[in-house]
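See below for the structure under consideration.
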Amino acid sequence: MIAEWAAQGKRMGSDFTYSTAIDTAVHDVFNRYLSEGRFSLLVDGLVDIDALNLREPNGISDERSRMIDMLESVLRENGMTQQIKRMWSRLIKKRAREYYGSLPSRSELKDMSDKDLEASKLYSAKHKYFAERAIHGYLRSMNLSLDDKEASGVASILENLRQERKPKSRFPADRRKMSEEVFWDVISTCRDQAEEDEDFPGLLVEKLESFGKRSIVTFQNILSERMSKLYRQDLWAIAAIVNGGFGSDDGFEYFRAWIISQGSEAYQRWLDAPEKAAEAIEPGDNVECELLLYAAPEAYSSKDGGDIYDHVRDVPQELTGEPWQEDDLPKLYPKLWKRFVKRK
């Protein structure tokens, strides 16, 4: 859904400013999906665009809040209580994670001027406000009808927000030396423990924080090497098709990160037979994992390590394979095109 918004915004960009085009595209696609009953995709799309809006100076716009309320109302009319719960649960987790990420580390605090410190407090306060709004929206929507596990989870997040602290790590100290094998074990461990896809990046940061700084740097180096191996024209073409025929630089980067987030076996399948690997994807699936790219830098910074990029290797990212144009995509992979693009 995000890809369709972006693609439509790009097409409109010649007639509007890009930001206005995107806003108009979001509104048009939202209404169309609503009329078509594509509720699950709407939930995923609104949660993803919500995370993007959080990074804007003023945070979540009134228009986005109205869309959330409208979707909740339609879901309730259709008796889709679990989808409502899923939407609010994902919003809480996303917004809480953004808040935790906005809190400066001890090393960052040492280097801040009074002016920077004040700006940081305002930035964190904005994220805290919207995270608390999501929690209250969830409680209001569910009318307090939560089971013990759900209630405990919400209470824990709310307490951490009020105490202005990150939650305690779920992982004990890991004394292993980072290697290719350990890299994939870390990915697998976090993937297995994630109840939903959006839980994975936060778990990965926690897990990496259990390692020493040198191992975190090595993790980032291995990640860059794996990303480089996936920097191929054929994979970019497939990523564009899976994303509705729109293949941006950033989208392909996040797609490669998603492949890695699926584990070593999936990674190898994509290297060996990408078209066959794409058959496991369902139209509308989220095939981006941008936050994987920031996990090691965040973990390194939290250990008073400063900037990880002062210590990592420079891994060349050279695009390999036969170049293609967007008009070539239907001929390159006709089955995938029919499944992911033409079906619209």
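The values are calculated or read from the model by the stated rules, or taken from the named source; none is laboratory data. No experiment lies behind these values; they were computed from the predicted model shown. Glycine also receives a Cβ, built like all others from the backbone with ideal geometry; neighbour counts cover every protein chain displayed. All accessible areas refer to the heavy atoms of the entire protein, side chains included, with ligands and DNA or RNA removed. Shrake-Rupley method; radii C 1.70, N 1.55, O 1.52, S 1.80 Å.
Of note:
- Between residue 276 and residue 34, full extension at 0.36 nm per residue minus the direct alpha carbon distance yields a gain of 83.9 nm.
- Percent accessible area from carbon and sulfur atoms, the chain, protein chains only, probe 1.4 Å: 48
- For the chain, built as a Gaussian network whose Cα springs stay under 10 Å, the top-fluctuating residue of 276, 149, 94: 149
- Förster radius 45 Å - calculated FRET efficiency between residue 170 and residue 327 (Cβ-Cβ, nearest 0.05): 0.40
- Each residue of region 28-43 is assigned a 3J(HN,Hα), and the resulting list reads 5, 5, 4, 5, 5, 5, 5, 5, 8, x, 8, 5, 4, 5, 5, 4 Hz, derived from the Karplus form 6.51 cos²θ - 1.76 cosθ + 1.60 (θ = phi - 60°), x at Gly and Pro.
- The figure for residue 162 is an accessible area of roughly 140 square angstrom, using a 1.4 Å probe on the protein chains alone.
- Dividing the alpha-carbon radius of gyration of region 185-344 by the rule-of-thumb value 2.2 N^0.38 Å gives 1.09.
- Exposure rule at most 13 other beta-carbon atoms within 10 Å, DSSP loop GluC sites (Glu not before Pro): the chain longest free segment: 1-163
- Overall form of region 235-320 per C-alpha gyration tensor (a/c, 1.5; a/b vs b/c): prolate
- Region 47-153: C-alpha gyration tensor shape, a/c 1.5 cut-off, then a/b vs b/c: prolate
- Length added when fully stretched, residue 234-residue 118, from 0.36 nm per residue minus Cα-Cα: 37.0 nm
- Between the entries [x] 27, 60, 13; [y] 31, 61, 8; [z] 28, 52, 19, 1, the label attached to P(r) over Cα pairs in 20 Å bins from 0, in percent calculated for this structure is [x].
- Between the C-alpha center of region 35-112 and that of region 270-324 there is a gap of 23 Å.
- The solvent-accessible area of residue 93, taken with every protein chain present and a 1.4 Å probe, is close to 50 Å².
- Once the Cβ-Cβ distance of residue 319 and residue 189 is raised to the sixth power relative to R0 = 35 Å, the FRET efficiency obtained is 0.65.
- Think of it as helices only: each DSSP H run of n ≥ 4 in the chain is worth -39500 (n - 2.57), and spread over all residues that comes to -21500 deg cm²/dmol at 222 nm.
- Cα gyration tensor shape for region 177-269, rounded if a/c is under 1.5, else prolate or oblate: prolate
- Cross-link pairs 94/276; 110/213; 229/331; 110/168; 94/168; 177/303 - those with Cα-Cα distance over 21 Å: 94/276; 229/331; 110/168
- Per residue accessible area in Å² of the chain, where ligands, DNA and RNA are left out and the probe is 1.4 Å: 52
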